[in-house]
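*Asks:* This is the structure, below, for whatever I ask next.
The values are calculated or read from the model by the stated rules, or taken from the named source; none is laboratory data. The model shown is predicted, which means the values in this text are computed figures rather than measured ones. Cβ atoms come from the backbone with ideal geometry, glycine included; neighbour counts cover every protein chain shown. SASA here: full protein model, heavy atoms, side chains in, ligands and nucleic acids out. Shrake-Rupley method; radii C 1.70, N 1.55, O 1.52, S 1.80 Å.
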Amino acid sequence: MITKEPVITVKNMVKKFGHFVANDNLNFEVYKGEIFGFLGANGAGKTTAIRILCGLSTPTSGEMKVAGFDVFRQTEKIKQNIGYMSQKFSLYEDLTIYQNIRFYGGVYGMKVAERKARTTEMLDRLGLTDYENRKIGDLPLGWKQKLAFSIAILHQPKIVFLDEPTGGVDPITRRQFWNLIYEAVEKGITVFVTTHYMDEAEYCDRVSIMADGRIVALDTPEKLKEQYNASNMDEVFLKIAR
Amino acid sequence: MIVVNELHKTYGETVALGKVSLTVKEGELFGLIGPDGAGKTSLMRILMSLLLPDGGTATMNGLDIVRDYKKVRLITGYMPGKFSLYPDLTVEENLQFFATVFGTTIQENYHLIKEIYQQIEPYKTRRAGKLSGGMKQKLALSCALIHKPEILILDEPTTGVDAVSRKEFWEMLKRLKAMGITILVSTPYMDEATICDRIALIQDGHLMSVETPLAMMQAFAEDLWAVRSKKIYHTSKLLGQLPSMISVNSFGQVLHLVTPKGKHTPQSIKEFLSLHDESELTVEPALATIEDVFILLMNNRKAKS
């Protein structure tokens, strides 16, 4: 259920590296329960913004809150209340499925009983109960991605950040992954996602598009297509970002 | 021309390439389309003599990739999936290095790289490690071209690259093809397949189909329907229970439903959905995309094994 209750508020966010302005006065809100697509060309400033919102980088100026916490002073609180997954950083290849879950459960400070209960439920849902002692490195990429996502939301964060979560996976797995996203949303988790697949942009409730450090468009996929007189998001993106 | 004859490669119990055979014609832009782990990189590394096959043979413009590997390297340009230039050397120094290694100069073949290199030339004194993703990609392509290769092998040059830069990159490939260079390029993005002259769909070390993109899409063996509804996720779940349905997948805001040839009509699908209180929707025949073809072939392979 999408509400108008913001879980991320970004006001006048600026991040400079020396003279280079990576984020040039960003303003937006992400509502509780929505799938928010964060698009933009390489080098547009997406990663910089995500790092700030995850509490990993301090902005130059602005007023930003994530899950109710301030990005300047309460970064540890932010980290406890979010999940994060990317194509590049996911799970430890040399550890088993079970060990990875235990590790992340520990990092997020979950109680043992709670972790065990959720682990059982999660492995059952993914059909991986018999594989919990398999090393991550031996699993097909599609499984790894699905597991990484499930572990990223094991502590039931308010928001999960997904940075190109479906890069390189086959078309069936890619769609199964989106079904997992929908399930998470039904549980009330807000999803903040970046992708280079423009059909996936259409699965988002709202989409923002960045170019040269600014947000140049932000609306529902439907309205963006209307506004830019385009038949799909690929055309919208090409018109805006080119 | 690249001729691949029953190339085989295993890593322990994993079959990376299962007796793959393939011909890439001279001057062709040939796409190897498949997800990570399908065997694309193994095939390319074997062709570039960076990896030995367990069985089978291959030739590049008549040269055997094992016996004549030194000659093969002289006539081929290679862009690996991972950025492999020298990060501590500047843009210009990298290019200079590759030209020198191949016994040529930047000046001699500048016409080949001009259009690509001009875009990064303003940064020629910057270290390669400090370049953005798009610029690294352009430099890597320039370095792969500077010795005037007859064949180009590009391993996922557009992975992780935004939609705009991806389009530009394919425009560059088309121009290189027009110069007569044979190009073998791999990608996990199925929408890029249609730009190629011919493509091979690869999964689990096997080629599922080799054809022109158009022929592949037209040869779609089952019925394909585009279903539009207000409650797309709900409708998708319902269609999963349609008798004899083969698959239902979302393509943006549209569902693609595959049913056996001649089994259903828009009417019969609508009737089934109205039984479940779903009536506000449209069902119409649709043309298959490469991704539809890939999904169907993947499902067929799974059903067989």
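*Asks:* What tally of residues in region A:205-230 results from selecting those that are open to solvent by 10 Å² or more (accessible area, probe 1.4 Å), part of a loop (DSSP other than H, G, I, E, B), of a type outside the set (Val, Ile, Thr) and in contact (Cβ under 8 Å) with a residue 12 or more places away in the chain?
*Replies:* Summing the residues that are open to solvent by 10 Å² or more (accessible area, probe 1.4 Å), part of a loop (DSSP other than H, G, I, E, B), of a type outside the set (Val, Ile, Thr) and in contact (Cβ under 8 Å) with a residue 12 or more places away in the chain in region A:205-230 gives 3.
*Asks:* Listed residues A:112, A:71, A:66; which is farther than 23 Å from residue A:167 by Cα and open to solvent by 70 Å² or more (accessible area, probe 1.4 Å)? Can you show your working first?
*Replies:* Numbers: A:71 fails: open to solvent by 70 Å² or more (accessible area, probe 1.4 Å); A:66 fails: open to solvent by 70 Å² or more (accessible area, probe 1.4 Å).
Checking each option against the conditions leaves just A:112.
*Asks:* Of all residues in region A:74-87 being among the hydrophobic types (A, V, I, L, M, F, W, C) and assigned to a strand (DSSP E or B), which is surrounded by the fewest Cβ atoms within 10 Å (Cβ to Cβ)? Before the answer, list the steps.
*Replies:* Initial filter on region A:74-87 (among the hydrophobic types (A, V, I, L, M, F, W, C)): A:78, A:82, A:85.
Add one more test, that the residue is assigned to a strand (DSSP E or B), and what stays is A:82, A:85.
Details: A:82: 26, A:85: 23.
Among those that are among the hydrophobic types (A, V, I, L, M, F, W, C) and assigned to a strand (DSSP E or B), it is A:85.
*Asks:* Those residues that are within 15 Å of residue B:285 (Cα to Cα) and more than 14 Å from every other protein chain (Cβ to nearest Cβ), I need them from region B:246-274; list them, please.
*Replies:* Listed by number, the residues that qualify are B:259, B:260, B:261, B:262, B:263, B:264, B:265, B:266, B:267, B:268, B:269, B:270.
*Asks:* Out of region B:218-259, which residues are assigned to a loop (DSSP other than H, G, I, E, B), touching a residue at least 24 places away in the same chain (Cβ under 8 Å) and farther than 30 Å from residue B:22 by Cα?
*Replies:* Scanning region B:218-259 gives B:230, B:231, B:242, B:243, B:253.
*Asks:* Moving on to the next point. Please verify whether region A:48-69 includes one or more residues that are in a helix (DSSP H, G or I) and within 14 Å of chain B (Cβ to nearest Cβ).
*Replies:* Filtering region A:48-69 for residues in a helix (DSSP H, G or I) gives A:48-53.
Subsequent filtering for residues that are within 14 Å of chain B (Cβ to nearest Cβ) retains A:48.
Yes.
*Asks:* Consider residue A:134 carefully, then state whether it is in contact with a helix residue (DSSP H, G or I) (Cβ under 9 Å, 6 or more places away or on another chain), open to solvent by 30 Å² or more (accessible area, probe 1.4 Å) and farther than 30 Å from residue B:11 by Cα. Give the derivation first.
*Replies:* Values: in contact with a helix residue (DSSP H, G or I) (Cβ under 9 Å, 6 or more places away or on another chain): yes; open to solvent by 30 Å² or more (accessible area, probe 1.4 Å): yes; farther than 30 Å from residue B:11 by Cα: no.
The answer is no for residue A:134.
*Asks:* Which of the residues spanning region A:198-208 are more than 10 Å from chain B (Cβ to nearest Cβ) and hydroxyl-bearing (Ser, Thr, Tyr)? Don't jump to the end; show me each part of the working.
*Replies:* If we filter region A:198-208 for residues that are more than 10 Å from chain B (Cβ to nearest Cβ), which is where we start, we get A:204-208.
Matches in region A:198-208: A:208 only.
*Asks:* Residue A:199 versus (1) closer than 16 Å to residue A:36 by Cβ; (2) touching a strand residue (DSSP E or B) at 6+ places or on another chain (Cβ under 7 Å); (3) not hydrophobic (A, V, I, L, M, F, W, C): which is the lone unmet condition?
*Replies:* If we test residue A:199 against (1) closer than 16 Å to residue A:36 by Cβ; (2) touching a strand residue (DSSP E or B) at 6+ places or on another chain (Cβ under 7 Å); (3) not hydrophobic (A, V, I, L, M, F, W, C), just (1) comes out false.
*Asks:* Can you pull out every residue in region A:88-106 that is at pLDDT 90 or above and either open to solvent by 70 Å² or more (accessible area, probe 1.4 Å) or of a type in the set (Val, Ile, Thr) (or both)?
*Replies:* A:92, A:93, A:94, A:96, A:97, A:98, A:99, A:101, A:102, A:103 - these are the residues of region A:88-106 that are at pLDDT 90 or above and either open to solvent by 70 Å² or more (accessible area, probe 1.4 Å) or of a type in the set (Val, Ile, Thr) (or both).
*Asks:* Does region A:179-197 contain any residue that is closer than 23 Å to residue A:42 by Cβ, more than 14 Å from the chain's Cα centre (by Cα) and open to solvent by 40 Å² or more (accessible area, probe 1.4 Å)?
*Replies:* No, that holds for no residue.
Here is a yes/no grid of residues against (1) among the β-branched types (Val, Ile, Thr); (2) assigned to a helix (DSSP H, G or I):
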site	(1), (2)
B:149	no, no
B:159	yes, no
B:164	yes, yes
B:186	no, no
B:201	no, no
B:216	no, yes
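*Asks:* Considering each residue of region B:9-23, count those that are in contact (Cβ under 8 Å) with a residue 24 or more places away in the chain and either charged (D, E, K, R) or surrounded by 24 or more Cβ atoms within 10 Å (Cβ to Cβ) (or both), and give that number.
*Replies:* Final tally of qualifying residues: 5.
*Asks:* How many residues are modelled with pLDDT of 95 or more and aliphatic (A, V, I, L, M) when one looks only at region B:249-268?
*Replies:* Result for region B:249-268: 2.
*Asks:* Kindly establish whether residue A:152 is more than 13 Å from chain B (Cβ to nearest Cβ), over 25 Å from residue B:14 (Cβ atoms) and open to solvent by less than 10 Å² (accessible area, probe 1.4 Å). Full working, then the answer.
*Replies:* Working: more than 13 Å from chain B (Cβ to nearest Cβ): yes; over 25 Å from residue B:14 (Cβ atoms): yes; open to solvent by less than 10 Å² (accessible area, probe 1.4 Å): yes.
It is true that residue A:152 is more than 13 Å from chain B (Cβ to nearest Cβ), over 25 Å from residue B:14 (Cβ atoms) and open to solvent by less than 10 Å² (accessible area, probe 1.4 Å).
*Asks:* For region A:155-170, give me the residue count where each residue is at pLDDT 90 or above and either at the interface with chain B (Cβ under 10 Å from one of its Cβ atoms) or open to solvent by 10 Å² or more (accessible area, probe 1.4 Å) (or both).
*Replies:* Count: 4.
*Asks:* Quick check on my filter: what residues within region B:165-213 are more than 13 Å from chain A (Cβ to nearest Cβ) and among the β-branched types (Val, Ile, Thr)?
*Replies:* Answer for region B:165-213, where residues must be more than 13 Å from chain A (Cβ to nearest Cβ) and among the β-branched types (Val, Ile, Thr): B:181, B:182, B:183, B:185, B:195, B:199, B:210, B:212.
*Asks:* Go through region A:171-197 residue by residue and tally those that are within 12 Å of another protein chain (Cβ to nearest Cβ), under 18 Å from residue B:189 (Cβ atoms) and in contact (Cβ under 8 Å) with a residue 40 or more places away in the chain.
*Replies:* Final tally of qualifying residues: 2.
*Asks:* Does region B:272-301 hold any residues that are over 11 Å from residue B:217 (Cα atoms) and open to solvent by 50 Å² or more (accessible area, probe 1.4 Å), and which are they?
*Replies:* Answer for region B:272-301, where residues must be over 11 Å from residue B:217 (Cα atoms) and open to solvent by 50 Å² or more (accessible area, probe 1.4 Å): B:274, B:275, B:276, B:277, B:279, B:280, B:282, B:284, B:285, B:300, B:301.
*Asks:* For residues that are touching a Pro at 6+ places or on another chain (Cβ under 9 Å) and within 20 Å of residue B:302 (Cβ to Cβ), scanning just region B:224-245, find the one that is farthest from the other protein chains (Cβ to nearest Cβ).
*Replies:* If we take residues in region B:224-245 being touching a Pro at 6+ places or on another chain (Cβ under 9 Å) and within 20 Å of residue B:302 (Cβ to Cβ), then B:244 is farthest from the other protein chains (Cβ to nearest Cβ).
*Asks:* Can you find, within region A:29-44, the residue that is nearest to residue A:213 (Cα to Cα) among those that are over 14 Å from the mean Cα position of the chain (by Cα) and open to solvent by less than 10 Å² (accessible area, probe 1.4 Å)?
*Replies:* A:44
*Asks:* When both residues are 6+ apart or on different chains and their Cβ atoms are under 6 Å apart, which pairs have a first residue that lies in region B:161-173 and is assigned by TED's automatic domain parsing to the domain that holds residue B:131 and under 18 Å from residue A:233 (Cα atoms), and a second that is part of a helix (DSSP H, G or I) and not aliphatic (A, V, I, L, M)?
*Replies:* As it stands, the answer is B:163/A:237; B:165/B:134, since those pairs meet every condition given.
*Asks:* Inside region B:74-113, can you point out the residues that are within 25 Å of the chain's Cα centre (by Cα) and open to solvent by 90 Å² or more (accessible area, probe 1.4 Å)? Break it down into steps so the answer makes sense when it comes.
*Replies:* At the first step, the residues of region B:74-113 found to be within 25 Å of the chain's Cα centre (by Cα) are B:74-85, B:112-113.
Once the filter is applied, which keeps residues that are within 25 Å of the chain's Cα centre (by Cα) and open to solvent by 90 Å² or more (accessible area, probe 1.4 Å), region B:74-113 yields B:74, B:82.
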